[in-house]
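Below is one structure; the comments refer to it alone.
The values are calculated or read from the model by the stated rules, or taken from the named source; none is laboratory data. These numbers come from a predicted model, not from an experiment. Glycine gets a Cβ as well: all are built from the backbone with ideal geometry, and neighbour counts include every protein chain shown.
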Amino acid sequence: MKYFVYLLVSKKCDKIFSYVGITNDLKKRINLHNSSKGAKYTRGKKWRLAYKKSYNSKSKALKEEYRLKKDKKKREKIKLNFNLENENFNSFTL
């Protein structure tokens with residue numbers, strides 16, 4: 001089974017938020033976040049996928065998720081690149 005480590009970004013009041021997670025069904029998980037049924041932190045925001053990476057083992061995916069959550073510089077770089085590539089952020093769709 002494949003596992004995905006992903007980073008979502010959201011823009012609210014000209015502020016960019018990010019969320020890092022792990023799943024084995026990426027599309028379903030993002031839909032849960034956007035319908036306010038995902039993690040509590042993600043409720044009330046519209047999320048866009050900014051980064052994903054797949055792994056063949058859950059343990060490797062969990063280690064990468066942990067590293068990405070702790071690596072603030074990498075998260076900020078991904079958020080910045082995503083925002084620059086998608087200038088019309090609010091109309092961007094998956």
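Any idea which of Arg75, Arg29, Arg48 is under 19 Å from Lys15 (Cβ atoms), within 13 Å of the chain's Cα centre (by Cα), free of Cβ contacts under 8 Å to residues at least 60 places away in the same chain and surrounded by 15 or more Cβ atoms within 10 Å (Cβ to Cβ)?
Arg48
Can you go through Asn56, Asn83 and tell me which one is modelled with pLDDT under 90 and more than 15 Å from Gly21 (Cα to Cα)?
Asn83
Quick test for you: out of Ser57, Ser18, Ser10, pick the one residue that is buried (at least 19 other Cβ atoms within 10 Å of the Cβ), touching a residue at least 40 places away in the same chain (Cβ under 8 Å), at negative phi and hydroxyl-bearing (Ser, Thr, Tyr). Show your work before the answer.
Numbers: Ser57 fails: buried (at least 19 other Cβ atoms within 10 Å of the Cβ); Ser10 fails: touching a residue at least 40 places away in the same chain (Cβ under 8 Å).
Sole residue among the options that is buried (at least 19 other Cβ atoms within 10 Å of the Cβ), touching a residue at least 40 places away in the same chain (Cβ under 8 Å), at negative phi and hydroxyl-bearing (Ser, Thr, Tyr): Ser18.
Name the residue, out of Asn56, Asn34, that is under 17 Å from Ser10 (Cα atoms) and of a type in the set (S, T, N, Q). Reasoning before the result, please.
Working: Asn56 fails: under 17 Å from Ser10 (Cα atoms).
Result: Asn34 is the single residue among Asn56, Asn34 that is under 17 Å from Ser10 (Cα atoms) and of a type in the set (S, T, N, Q).
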